[in-house]
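The values are calculated or read from the model by the stated rules, or taken from the named source; none is laboratory data. Computed from a prediction, not measured in an experiment: that's the story for all the values here. So basically every Cβ, Gly included, is an ideal-geometry build from the backbone, and we count neighbours across all protein chains shown. Ligands, DNA and RNA are stripped out before the accessible areas are found, and what is left, the full protein with its side chains, is counted by its heavy atoms. Shrake-Rupley method; radii C 1.70, N 1.55, O 1.52, S 1.80 Å.
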Amino acid sequence: MTIRIVQYFNLTATGGPYRYQNYFVGDNSTFGGLTYGFAPFQVNGGVSSLNGDNLQIQVLFPANEIALKLLDVAEGNRKSLLTLYTRTVNKNGQVSNAGPTEQFIGLGASIGLDTIELRFNTAADSVASNFPAQRLNQQNVGILPLDSALSLR
Amino acid sequence: MASKFPAIRPTSRTFTMGDYPSKTYTSLSGAIFKRAFGNRQTGYTLNLTFRNIGDTSELRSLSGTAKQIIDHYNSVDGTYDKFNLPDRMFAGMDDGLETLIQAPSNISWRYAAPPQVESVKTGVSTVIVSFIGELDA
């Protein structure tokens, strides 16, 4: 059995959006009426659990001009919004309409000698039974974090 | 793109076609599952031998010299920079086959390893070069 998979990366950040796909090498691909250029990235991570913890992924790029630009416009990938579409492709290059669509917010980046890893997180976390019956807002807790790393005590 | 490889005739040539990037999962039952990651072939290889060529002066027409090859290797910064291959590299090959090999789309040729120079006798050497054709991001 075989499968061909393409991922469409739609990042909103300053001066964006920035749209890339990782299957059609050196070509543009149109998806959802929008044009995605080629970038050699791969998506890792994404562990789902029964508790509904938020999902973390890493998007790995070679340390090329595209990745450096994304790093720059999103201020180290701390101010970005990512929509990631995963779709199958047939032998003729036709992309399926159905497949997972996930949304993430930027969580930072790791910069290596030859790679740049952009880290993302889903914005919403699960609500556990011990969650306080009080609404969190800036008036009672101060400035809210952009990710869901809230510590309840 | 850096300068073409010198237009000289190899004495022997081995070419390997590229392949589509994919990974295979093999289950305990032996059934396999393959996932493709791209729509173009990559990883072409071309190994050339230039047997008994002059070190600095051509011994036969279009046989080239070891110096020409080393000069080219230096001019493309070793294995770093990409370059084109001249048609003469495929001398003796049928045109229909050469087209498939010479012009795979989006492929960049680079040295896979530094050239090997084997001294045969005074002023005569055998040079072995290997190229790799890969997709440029």
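Listed by chain and number, the lysines whose C-alpha is less than 27 Å from the C-alpha of residue B:4, apart from same-chain residues fewer than 8 away, are B:67, B:82. In the context of the full set of protein chains, residues of the protein assembly as shown present 58 Å² of accessible surface per residue (probe radius 1.4 Å, heavy atoms only).
Mean residue ellipticity at 222 nm, helices only, the protein assembly as shown: -3000 deg cm²/dmol; runs of at least 4 DSSP H residues each add -39,500 (n - 2.57), and the sum is divided by the number of residues.
Between the alpha-carbon centres of the range A:50-72 and the range B:63-137 there is a gap of 38 Å. Across all directions, the shadow cast by the convex hull of chain B built on its C-alpha atoms averages 10.4 square nanometres.
Taking both sides together, the accessible area buried where A meets B is about 1100 Å² for a 1.4 Å probe.
Cα gyration tensor of the range A:1-112, axes a ≥ b ≥ c as square roots of the eigenvalues: rounded (a/c below 1.5), prolate (a/b > b/c) or oblate? Oblate is the answer for the range A:1-112, as a/c is 1.5 or above yet b/c matches or exceeds a/b. What is the percent carbon and sulfur in the accessible area of the range A:21-97, measuring with a 1.4 Å probe over the protein chains and ignoring ligands? That fraction is 47 percent.
What does the charge add up to near residue B:128, with Lys and Arg as +1, Asp and Glu as -1, over the other residues with Cβ less than 10 Å from its Cβ? Taking every Cβ under 10 Å from that of residue B:128, the sum is 0. Within a straight-line Cα-Cα reach of under 23 Å, residue B:23 can be paired with the following lysines, leaving aside sequence neighbours fewer than 8 residues apart in one chain: A:91, B:34. In the calculated pair-distance distribution of the protein assembly as shown, the portion above 32 angstrom amounts to 47 percent of the Cα-Cα pairs.
Quick check: at a probe of 1.4 Å, how many percent of the accessible area of chain B sits on carbon and sulfur atoms? With neighbouring chains kept in place, the figure for chain B is 50 percent.
Loop-located chymotrypsin sites (Phe, Trp or Tyr not before Pro) across the range B:68-116 with a Cβ neighbour count of 11 or fewer within 10 Å are B:80, with loop assigned by DSSP. Per-residue shielding of B:31-40, expressed as the average number of other chain Cβ atoms within 10 Å of the residue Cβ, stands at 6.
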